[in-house]
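Participant: There's a structure below that I have some questions on.
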Amino acid sequence: KNSLINSSLNLSSIDNNADTVDVGWVQCDLCGKWRTLPSHINSESLPDNLRKRAIHIIGENDRVWRGMTALHQNDLIAFGQLMFASHESSSHDFGNRCRELDILVTCAKSIPGCLGGRLMGGGFGGCTINLVRTDYVDSFCKQLIIAYREKTGIETEAFVVSAADGAIGGELHR
């Protein structure tokens with residue numbers, strides 16, 4: 001679902017946080033390897049915004065592992081809940097959000113057949129991806145377009161996609 005919001009509208013929020021983001025990545029470069037919060041992340045040694053970003057990154061790592069487990073167990077309800085949790089964390093902890101993306105996810109959550117939803121891409125405008133039961137896809141798309149228009153006044157569109165096997169490994173030959 002595309003919010004049709006130009007992410008350039010949100011560049012001021014990126015610019016205002018540029019120094020903080022750089023410092024955050026330097027200080028938290030190992031966050032990608034952690035699945036629980038080290039004591040120094042909970043301490044007052046990091047500014048609140050960097051601590052929240054580290055919490056998001058670590059939480060995403062954990063959600064990915066739990067998501068893989070849910071998919072292997074064919075538990076789409078659990079996977080969908082992880083998608084909603086990811087969006088919430090992206091929006092409130094990491095801060096790559098905009099009102100329109102939050103509206104799309106909130107609206108999606110209330111529509112029958114929706115199991116999960118989150119922003120996709122970098123945030124700050126753009127698209128969400130939603131996990132929807134197959135037999136609800138058409139009605140979900142119609143209802144989401146209407147709900148989004150009612151909340152924002154913006155016409156949007158939905159693209160239906162299906163999961164695929166993804167990338168596969170192989171040898172490269174010259």
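The values are calculated or read from the model by the stated rules, or taken from the named source; none is laboratory data. This is a predicted model, so every value here is computed, not measured. Cβ: placed from backbone, ideal geometry, glycine included. Neighbour counts: every protein chain shown. These area figures cover heavy atoms from the full protein model, side chains too; ligands, DNA and RNA do not enter into them. Shrake-Rupley method; radii C 1.70, N 1.55, O 1.52, S 1.80 Å.
Participant: Restrict the check to the range 130-146 and report whether at least one residue is more than 21 Å from SER86 (Cα to Cα) and in contact with a helix residue (DSSP H, G or I) (Cβ under 6 Å, 6 or more places away or on another chain).
Facilitator: Within the range 130-146 (the criterion being more than 21 Å from SER86 (Cα to Cα) and in contact with a helix residue (DSSP H, G or I) (Cβ under 6 Å, 6 or more places away or on another chain)), the answer is no, since none of the residues qualifies.
Participant: A further question on this structure: Condition check: open to solvent by 60 Å² or more (accessible area, probe 1.4 Å) and assigned to a strand (DSSP E or B). Does ILE77 satisfy that?
Facilitator: On the way: open to solvent by 60 Å² or more (accessible area, probe 1.4 Å): yes; assigned to a strand (DSSP E or B): no.
Criteria not met by ILE77.
Participant: Give the range 148-160 a look and list any residue that's in contact (Cβ under 8 Å) with a residue 24 or more places away in the chain and within 22 Å of SER86 (Cα to Cα), or say none. Write out each step before concluding.
Facilitator: Taking the range 148-160 as the starting set, the residues that turn out to be in contact (Cβ under 8 Å) with a residue 24 or more places away in the chain are 148, 151-152, 154-159.
Matches in the range 148-160: TYR148, ALA158, PHE159.
Participant: Looking only at the range 97-105, decide whether some residue is of a type in the set (Val, Ile, Thr), within 30 Å of GLU150 (Cα to Cα), at pLDDT 80 or above and crowded, with 16+ Cβ neighbours inside 10 Å.
Facilitator: Of the residues in the range 97-105, the ones of a type in the set (Val, Ile, Thr) are 103, 105.
Narrowing the set further to residues that are within 30 Å of GLU150 (Cα to Cα) leaves 103, 105.
Narrowing further to those that are at pLDDT 80 or above: 103, 105.
Those still in the list that are crowded, with 16+ Cβ neighbours inside 10 Å too: 103, 105.
Checking the range 97-105: at least one residue is of a type in the set (Val, Ile, Thr), within 30 Å of GLU150 (Cα to Cα), at pLDDT 80 or above and crowded, with 16+ Cβ neighbours inside 10 Å.
Participant: Still on this structure, I have one more. Whether any residue in the range 154-164 is open to solvent by 90 Å² or more (accessible area, probe 1.4 Å), part of a helix (DSSP H, G or I) and either modelled with pLDDT of 95 or more or farther than 22 Å from SER90 by Cα (or both) is what I want to check.
Facilitator: No.
Participant: Pairs please, first residue from the range 51-77 and within 17 Å of LEU115 (Cβ to Cβ) and touching a residue at least 40 places away in the same chain (Cβ under 8 Å), second anywhere and crowded, with 19+ Cβ neighbours inside 10 Å and among the hydrophobic types (A, V, I, L, M, F, W, C), Cβ atoms under 9 Å, 6+ apart in sequence or on different chains.
Facilitator: LEU76/LEU115; LEU76/LEU131
Participant: Looking at (1) under 17 Å from TYR148 (Cα atoms); (2) in contact with a strand residue (DSSP E or B) (Cβ under 9 Å, 6 or more places away or on another chain); (3) modelled with pLDDT of 95 or more; (4) not aliphatic (A, V, I, L, M), find the lone condition where SER110 falls short.
Facilitator: With respect to (1) under 17 Å from TYR148 (Cα atoms); (2) in contact with a strand residue (DSSP E or B) (Cβ under 9 Å, 6 or more places away or on another chain); (3) modelled with pLDDT of 95 or more; (4) not aliphatic (A, V, I, L, M), SER110 is out only on (2).
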